[in-house]
Amino acid sequence: MTRLSALIVARNEEQRLPDCLASVAFADEIVVVLDRSTDASAAIATAAGATIIEGAWELEGDRRNAGLDACTGDWIIEVDADERVNEPLARAIRATIATSTHAWHQVPVDNYVGDRLLRYGWAGSFGTTSVPRLSRKGAKRWRAQRVHPGLDWTGKEGPKITEGALIHLVDRDISDMLRRLDKYSSAKAADLLASGNIGTLRSNVRRFFSRGFKSYVSRKGYREGGWGVLLALCTGAFPLLSYLKASLEPDRHR
């Protein structure tokens with residue numbers, strides 16, 4: 001029988017980790033990577049029967065790769081602490097890995113801000129409605145970056161799973177959304193400085209408008225009313241704010 005590992009990467013997530021762990025109980029193995037956690041996350045993961053990897057990683061890509069290396073299943077489904085695999089998606093994952101001849105598959109995502117499901121407007125680096133989280137062991141490597149690291153693949157992509165969804169509790173409220181924008185843009189500024197190419201003001205101002213347009217018009221954010229405006233603003237602001245932090249405050253973000 002094809003074995004499935006569920007990989008969770010978390011830091012001080014004792015409040016959200018129990019529900020996340022329960023949602024991946026259908027997997028044959030659960031691996032939890034705890035990055036500098038000081039709360040009860042380790043005890044919660046142990047009680048759920050998970051294998052725990054503890055350490056300190058500066059780069060998101062490195063800690064995710066540590067988790068991939070620790071998994072022993074034929075396939076791996078990656079889930080963050082603020083995400084849950086609903087039952088239809090769990091069934092679809094099992095059906096997919098039983099017959100797939102491909103290396104990886106996209107899974108659908110339902111994004112929530114508080115109790116509100118926002119189906120439209122997710123774009124760029126601020127959110128997405130599908131993610132490449134189901135992959136064969138050894139097919140996927142994350143790049144050495146702090147936020148939204150790139151991916152290198154071995155093998156071909158298979159059809160996107162269309163049943164169920166990965167429930168993503170993105171933000172608690174608007175203030176939480178803005179704090180995430182600030183946190184992510186600071187991490188991206190550090191990545192830009194490390195790369196030696198932070199871009200230009202002109203190109204990032206252009207991206208502010210092009211990404212905002214993509215979010216609000218192409219991705220139909222207008223259907224979410226004021227929430228769509230907010231998503232478009234954050235989507236466009238992310239690269240511009242990252243550039244400005246790298247350009248104006250390099251010592252703070254290096």
Give the number of residues within region 95-133 that are of a type outside the set (Ser, Thr, Tyr), more than 19 Å from residue 149 (Cβ to Cβ) and touching a His at 6+ places or on another chain (Cβ under 8 Å).
-> 2
Examine region 10-22 for a residue that is buried (at least 17 other Cβ atoms within 10 Å of the Cβ), more than 29 Å from residue 188 (Cα to Cα), of a type in the set (Gly, Ala, Ser) and touching a residue at least 24 places away in the same chain (Cβ under 8 Å), and state whether such a residue exists.
-> no
Could you list all residues from region 160-183 that are in a loop (DSSP other than H, G, I, E, B) and surrounded by fewer than 18 Cβ atoms within 10 Å (Cβ to Cβ)?
-> 160, 162, 163, 172, 173
Among the numbered criteria (1) in a loop (DSSP other than H, G, I, E, B); (2) surrounded by 15 or more Cβ atoms within 10 Å (Cβ to Cβ), which single criterion is violated by residue 72?
-> (2)
When region 75-92 is examined, which residues are found to be among the basic types (Lys, Arg) and crowded, with 18+ Cβ neighbours inside 10 Å?
-> 84
When residues of region 102-126 are filtered for being more than 30 Å from residue 3 (Cα to Cα), open to solvent by 10 Å² or more (accessible area, probe 1.4 Å) and either in a loop (DSSP other than H, G, I, E, B) or in contact with a Pro (Cβ under 7 Å, 6 or more places away or on another chain) (or both), how many remain?
-> 6
Can residue 227 be described as open to solvent by 60 Å² or more (accessible area, probe 1.4 Å) and modelled with pLDDT of 95 or more?
-> yes
Would you point out which residue out of 55, 49, 67 is modelled with pLDDT of 95 or more and farther than 23 Å from residue 167 by Cα?
-> 55
Would you mind telling me which numbered condition in (1) closer than 20 Å to residue 148 by Cβ; (2) out of contact with any Asp or Glu (no Cβ under 6 Å at 6 or more places or on another chain) residue 57 fails?
-> (2)
Among what's in region 23-40 and is among the hydroxyl-bearing types (Ser, Thr, Tyr) and more than 17 Å from the chain's Cα centre (by Cα), pick the residue that is least open to solvent (accessible area, probe 1.4 Å).
-> 37
Where a residue in region 107-121 is over 16 Å from residue 77 (Cβ atoms) and its partner, wherever it lies, is of a type in the set (Gly, Ala, Ser) and modelled with pLDDT under 95, with Cβ under 7 Å and at least six apart = 111/127
So which of 249, 157 ends up being over 19 Å from residue 110 (Cα atoms), open to solvent by 60 Å² or more (accessible area, probe 1.4 Å), touching a strand residue (DSSP E or B) at 6+ places or on another chain (Cβ under 6 Å) and charged (D, E, K, R)?
-> 157
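The values are calculated or read from the model by the stated rules, or taken from the named source; none is laboratory data. All figures in this text were calculated on a predicted structure; none of them were measured in a lab. Ideal geometry is used to build each Cβ from the backbone, glycine not excepted, and the neighbour counts take in all protein chains shown. Remember, those area values only see protein heavy atoms, side chains included, never the ligands or the DNA or RNA. Shrake-Rupley method; radii C 1.70, N 1.55, O 1.52, S 1.80 Å.
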